[in-house]
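What follows is calculated from the coordinates using simple rules that are stated; it is not laboratory data. For clarity, every value in this text was computed on a predicted model and none was experimentally measured. Quick reminder, even Gly has a Cβ in these numbers, built from the backbone with ideal geometry, and neighbours come from all protein chains shown.
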Amino acid sequence: MSLFGSRLATGLLFLLYSGAFGLAQSPETPKPTEGPLPAVSAPQKTLTNSSIVRMVSAGLSDDLILQAIAAQPGQYTTDADSLIDLKDANVSERVITAMINKGRKRLTPEATATQDPPPQPISEVSEIGAYYKDRNGTWQPLETEVVHIKSGGWLKSTATHGIIKQDRNGHLNGRESKLSLQAPVEILIYAAPSVDIAEYDFLRFRINSDNREFRSITGGVFHSTGGAQRDEVSYHPTKAGPRTWRFTVDASVGGGEYGILPPGTGNVTNGGKIYTFAITE
């Protein structure tokens, strides 16, 4: 073989050898990612007292502010001085109540790992008292607190009853109850013998810096004509059995602090019992 032919054969072998191994060892160029990049959701902003005051100053309605409080995390300061500052900034009591309730434990929604276990269920309601239905469909006793009542301001009743009633002014220590429920919540009252449901008052409390108060009329809302200065809330109980009535507190009542005042409650000197709970929006 001539010298030229030998070099040509050697070159062809080299090209074949390097091509086979070079293609196998060369890294493949990555293909561009197809389609849009996945969206990254921004973390929700934590609302504070200042956030609420800014929304009020901007003219947002209570309903919109309440939606924001419910949807976003919040860290609110609700001591006495802060409540006064919020009131001075024209924040409504409805919004302030929602701020207070934001960090409180709710017993009616689904439980989370951080919540305390629910109280032991009552297999049968057989004791005089007021109860609420929990998330498991079991009747649980409502919290009780001491209420001091002072009677005064004699008022004549309607001609239907033909008797005289008294105004009652009630006072409870502390600005919030221990129990927080979310509407709608079902309430059951098991009364003493010979006691009618009309003798119970369903009340919305007025919240002060360190206490709650209300004004009602002796005998319950069914025996009175009401009035703008009274704090009775209309409710519609149905008979559920001997000495037993049920009614539902729905979302229309709004968030706030509530109580069920049984008949025969004490006076200003010795106090009496009232069933209390909060409704969150």
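How far, in nm, would the chain grow between Ala198 and Lys87 when pulled straight, counting 0.36 nm per residue and subtracting the alpha carbon separation?
Values: separation 111, 0.36 × 111 = 39.96 nm, distance 3.57 nm.
Full-extension gain reported as 36.4 nm.
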Two-site label geometry, Asp210 and Ser61: point separation in nm, points 7 Å out along Cα→Cβ: 3.8
Neighbourhood charge, 11 Å Cβ-Cβ cut-off, centred on Asp196 and excluding it, Lys, Arg +1 and Asp, Glu -1: +1
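Among Glu143, Glu176, which comes first, second and so on when ranked by fewest other beta-carbon atoms within 10 Å?
Details: Glu143 16, Glu176 19.
Ranking Glu143, Glu176 by Cβ neighbours within 10 Å, fewest first, gives Glu143, Glu176.
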Separation of the Glu127 and Asp79 label points, Cα + 7 Å toward Cβ, nm: 3.7
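Multiply the residue gap between Val146 and Thr248 by 0.36 nm, knock off their C-alpha separation, and tell me the result in nm, one decimal place.
Numbers: separation 102, 0.36 × 102 = 36.72 nm, distance 2.42 nm.
Taking 0.36 nm per residue and subtracting the Cα distance, the gain is 34.3 nm.
Which pairs break 26 Å Cα to Cα here: Lys45/Lys178; Lys45/Lys87; Lys87/Lys150; Lys87/Lys273? Each step should come with its number before you reach the end.
Numbers: Lys45/Lys178 28 Å; Lys45/Lys87 24 Å; Lys87/Lys150 28 Å; Lys87/Lys273 30 Å.
Pairs exceeding the cut-off: Lys45/Lys178; Lys87/Lys150; Lys87/Lys273.
For the range 49-102, rounded, prolate or oblate, judged on the Cα gyration tensor with a ≥ b ≥ c (square roots of eigenvalues), a/c < 1.5 rounded, else prolate if a/b > b/c?
Oblate shape, in that a/c is at least 1.5 and b/c is the bigger or equal ratio.
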FRET efficiency for Arg54 and Lys273, using Cβ-Cβ distance with R0 set to 45 Å, rounded to 0.05: 0.60
